[in-house]
Amino acid sequence: MIDLLIHVALLLLFPPLMLGVINKTKAWFAGRVGPPVLQTYYDLAKLVRKGMVISDTTTWVFRMGPVVTLATVLLAGLLIPFGRSGAPISFAGDLILFAYLFGLARFCTTTAALDTGSAFEGMGSAREVTFACLSEPALFFAFLVLAKASGSLTLTRMLHGPAGGFPMSAVAPLVCVGIGLFVVLLAETCRIPVDDPNTHLELTMIHEVMVLDHSGPLLGVILYAASLKMFVLGAVLMHVLVPFEAGAAWMGWPLFVLEMMGLAVAIGVVESMMARLQMRHVPYLLVAATLFCGFGFILMVR
Amino acid sequence: MLSLWLVLGAIGLLCLSGLPACLLSFRSAMGQRLAVSLVVLGSLLGLGGVAAAYGEATPPTLHVPWFLPWGEFAVTLDSLSMVFLLPVFVVPALGAIYGLGYWKQAEHPDNGRRLGLFFGLLAGSMALVVIARDGVLFLMAWEAMALAAYFAATVEERDPEVRRAGWVYLIATHVGTLCLIAMFALWRNATGSLALSSGVAMSPAVGGTLFVLALIGFGFKAGLMPLHVWLPGAHANAPSHVSAVMSGVMLKMGVYGIVRMTALLPAPEAWWGGVLLGVGACTGIAGIAFAIGQQDIKRLLAYSSVENIGIIAMGLGLALLGRSQGRPDWVVLGLGSALLHVWNHACFKSLLFLIAGAVIHATGTREMDRLGGLAKRMPRAAILFVVGAVAICALPPLNGFVSEWLLYIGLFRTLDRGGGGASGALAAAAMASVGLALIGALAVACFVKLFGTVFLGAPRSDAVRHAHDPHAAMILPMIALALGCVGLGVLPMLAVGLLERAAGTWAAVPAGGMGAMSLAELAPLNWICYMGLGLLALLGVLMLVQKALSRGRALGKAGTWDCGYARPTARMQYTGSSLGQMLVGLFAFVTWPRRQEPQIAGPLATKSRFQSIMPDTVLDRLVIPVFDLAGLYLPRLRVLQQGQTQIYVLYILVTVIFLFLLGVLGAQP
């Protein structure tokens, strides 16, 4: 019961902090002070209190988009184990539901963007659905490796490994999958080198350009859902990268929080060291991620 | 036994439903209403028959000797037939009601009666195909179905494009039937009779040949790549409720054929499942890749049907693989997902075709790049379209997700192969799940493009100006189909009983004999139900919160953000073609799109044109050139083809006498 409460509390409260850590890391690299670590919370609080401006062109689809996205990401967050306790909801085949919930979010985000009738938001939608086609195979190769290594079809067992930990033969495939999943994480959460959350040129954006017309509470929902998505996908990645467990059972929670902080710093470092790729080069990166995960699969079943 | 008589009565009513109208005036609304009520009555009768058969312990069977020298009138109503009868009795009835608003006889005096006649005949012959248990009876029903579909789809034959699509369909379906005739001849040779009954013995080589013939013959009807050539044209040019029946139900007759033949053939080998899995994955990916490049709403939907047939074939392939490897769990999951997807596709694809028809009816164009902003003018159609699109993209909580989820679980279970075995082949089977994931992501792209271009944004042309929601006769069938999508998605447990029985029939084991392998045990369907309801509840709560948050707030209205450009126009929106452009580029190695781009010359823009079209790779680049070549050299044979019926009868007689002599002389020694 306590584990469940901690899980839900972490899921609801922690994600905006990750954005703060990323921005702090980037500021540190650039030699700036940067915004406070809690800035995202302040932004959310401000947005929720504001009014909204809505385009005449739009319909109910525009308002549904952010809400559906938030609902799906929350549900997906309940399917993933955090720390060492199991996920609150776990059943055979939940991994498919997990992946397809993000599909539903994508459908609603992109249609909400198209509802405005803006060419920029059309571009964002086109990029979002195209790049997802390239990252989805990588995710499923990763699932295949995890299912094979753990002999299970529930996310909790797949990510925690079989009783007694992953076998030695699974280490090399897991490393490959870890690399691939990190790229998928960067792409799905729209970070450099795929997308730049701070850019100011509508032509070059993916995620930010789709939400140009959202404002006030709806924009807050989008921002919050985006941080949740990063948190949930990040939890998957950290389970793959740190597949072993140590210490007492309660140690799982602080370790998990530390892992997620570490991931945020790592994303910040990548964002500071790299430039955004040209849009036409993004597919190569995603195909490379798929190849890494596919290579891991071949290693696993050879 | 009553159940079988009910179904036979339903078939009779359906087949004859269009006749009374032919006696009435060609503008008579009465005649159309009569035909529709007969179709609905027949379908209700048939559904009652299926429900009664579900309660019977042994499948009811009827054998009546008849006038033909071969075979007999043999029909059986087993669980596999029941699975396929349900869409046959549901979709055409809804389509007929839709036709009351969409194809009013008073507005189409020259072809309304013809459409009614062949629409009913199509539905009735499909039902007969599904219960026939004799090769000759099956072929007769099959041919009646193929021809009825031809005459129903080509009612607007004044349009040359319709005639061309009709020809392609007619040729394709007859090439397929030719394979089926060869298959039944071989079947009779191997088993000694034309009766389609299981428990026969044959050599693996004969079994394999029969399987390949069935795959090709039925593959033409189902639309497996590269045999799908007839499908986009025929679906695009038929009246929309005929497209709905063709896509939602008639393609499934091809699937039924493959299911039935693989059930009858003893001892499938591993390569059968492998071939079907591979063909299914390729069909799925190529089908949806072609769909993304289309600009015609109905062609896009037709290619998406090809994709869904690919998914069904993958499920069948998994089940065959399970039977050859002795794995009941793969059988149950694979066949369960394939049959459930048959129902699901019948629901959402028919729904989407009916809405597409309403859009075309309201705007007069099938070009999606001329539409836009219809969600404001046709709000009900837009909501129903979202249901269909979410379902067809296999997204939770609707029905498409359930069948693909079963297939994923089955494919993932091939990872666990117990004691070694053919590891490479089975790893390939597991990799099919990656293909399925790719199909899923592409489907989202495709339907975001379709929905976004047609219903969202601002109108791109004047065609949209007078659009409005269709009236009740058209919208009620759509609502029924949408409820089917939601119902099968949220309460999939209801379907399990029939699916498990069908899997048992298919694998030729008695009910409950699959060991401990029940579908609900392998795949926790009740969890899917809870998660679906949970998602809907969460959505509802969040919507309420959002409503509460925006109450009393300043709500500004403005134009869409346009970067400060002073004179935005609707033509500056992203079009459907531009939305799909990147994906079309990525899949250009399959789809070979053709583009004509203007050359930029000089500093000032001049008037120029841009065109991009996506011809069907197989039809336009392979089949038609070959036929054109044949057309160059074969006219010499025209001396044989005089266009006089007497001469053709003479040919038939000569051939029969020749064959008779051959048989007599061959039997001598």
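For the reader, a short list of remarks on this structure follows.
- Of all aspartates and glutamates in the structure, the ones whose alpha carbon falls short of 16 Å from that of residue B:607, not counting any fewer than 8 places away in one chain, are B:597.
- DSSP-defined antiparallel bridges as percent of all bridges, chain B, nearest 5: 100 percent
- In chain B, the longest principal axis of the Cα atoms and the axis of helix B:328-363 are about 50 degrees apart.
- Nitroxide proxy distance, nm - points 7 Å out along Cα→Cβ at residue B:649 and residue B:171: 3.0 nm
- Each Lys and Arg adds +1 at its Cβ and each Asp and Glu adds -1 at its Cβ; summed about the Cα centre, chain B shows a dipole of about 1740 debye.
- Angle in degrees between helix B:297-325 and the longest Cα principal axis of chain B, rounded to the nearest 10: 50 degrees
- Among the chymotrypsin sites (Phe, Trp or Tyr not before Pro) found in region B:574-640, those both in a DSSP coil and sparsely packed, with 10 or fewer other Cβ atoms within 10 Å of their Cβ, are B:610.
- Two-site FRET efficiency, residue B:44 against residue B:383, from Cβ-Cβ distance with R₀ of 25 Å, rounded to 0.05: 0.35
- Span-rule helices in chain A, defined as complete DSSP H runs reaching 15 Å or more along the axis (Cα) with Kyte mean at least 1.6: A:2-13, A:60-79, A:171-188, A:216-241, A:282-301
- Given B:221/B:349; A:26/A:229; A:24/B:547; A:26/A:46; A:46/B:557, the pairs whose alpha carbons are separated by over 27 Å: A:24/B:547
- Relative contact order (percent, whole number), chain A, Cα cutoff 8 Å, 6+ residue spacing: 31 percent
- Point-to-point label distance, residue A:284-residue B:632, nm (Cα→Cβ direction, 7 Å offset): 4.3 nm
- Reachable aspartates and glutamates, given that their alpha-carbon falls under 18 Å from the alpha-carbon of residue A:148 and they are not under 8 places away in the same chain: A:94, B:329, B:416
- The relative contact order of chain B, computed from alpha carbon pairs under 8 Å that lie at least 6 residues apart in sequence, is 12 percent.
- Förster-model FRET efficiency, 22 Å R0, residue B:551 and residue A:42, C-beta, rounded to 0.05: 0.40
- Order of B:181, B:11 - criterion: other Cβ atoms within 10 Å of each residue's Cβ, fewest first: B:181, B:11
- Between 0 and 90°, nearest 10: helix B:270-292 axis offset from chain B longest Cα axis: 30 degrees
- Residues B:355, B:479, A:192, A:80, arranged from fewest to most other Cβ atoms within 10 angstrom of their Cβ, appear as B:479, A:192, A:80, B:355.
- Comparing A:112, A:71, A:235 in a Gaussian network model of chain A where C-alpha atoms under 10 Å apart are linked, the largest mean-square fluctuation is found at A:71.
- Between residue B:134 and B:74, B:196, the built amide H atoms are under 5 Å apart, and every one of these is 5 or more places off in sequence or on another chain.
- Computed FRET value (nearest 0.05) for residue B:107 with residue B:544, which takes r as the C-beta separation and R₀ as 30 Å: 0.10
- Mean residue ellipticity at 222 nm, helices only, chain A: -23000 deg cm²/dmol; runs of at least 4 DSSP H residues each add -39,500 (n - 2.57), and the sum is divided by the number of residues.
- Inter-label distance, nm, simple model (7 Å from Cα along the C-beta direction), residue B:33/residue B:361: 1.7 nm
- The helix-based estimate of mean residue ellipticity at 222 nm for chain B, built from -39,500 (n - 2.57) per DSSP H run of four or more residues and divided by its residue count, is -23000 deg cm²/dmol to the nearest 500.
- Average Cα contact separation per residue, region B:381-495, under 8 Å, 6 or more apart, as relative contact order %: 44 percent
- In plain terms, chain B is cut at each of the trypsin sites (Lys or Arg not before Pro) found in a DSSP loop with at most 14 other Cβ atoms within 10 Å, and the longest leftover piece is B:159-464.
- Top of A:115, A:43, A:213 by mean-square fluctuation, Gaussian network on chain A, Cα under 10 Å: A:43
Readers should treat all values here as calculations from the given coordinates under stated rules, not as data from a laboratory. Remember, it's a predicted structure, so these values are computed and weren't measured experimentally. In this analysis, Cβ positions are derived from the backbone assuming ideal geometry, glycine residues included, and neighbour counts consider all displayed protein chains.
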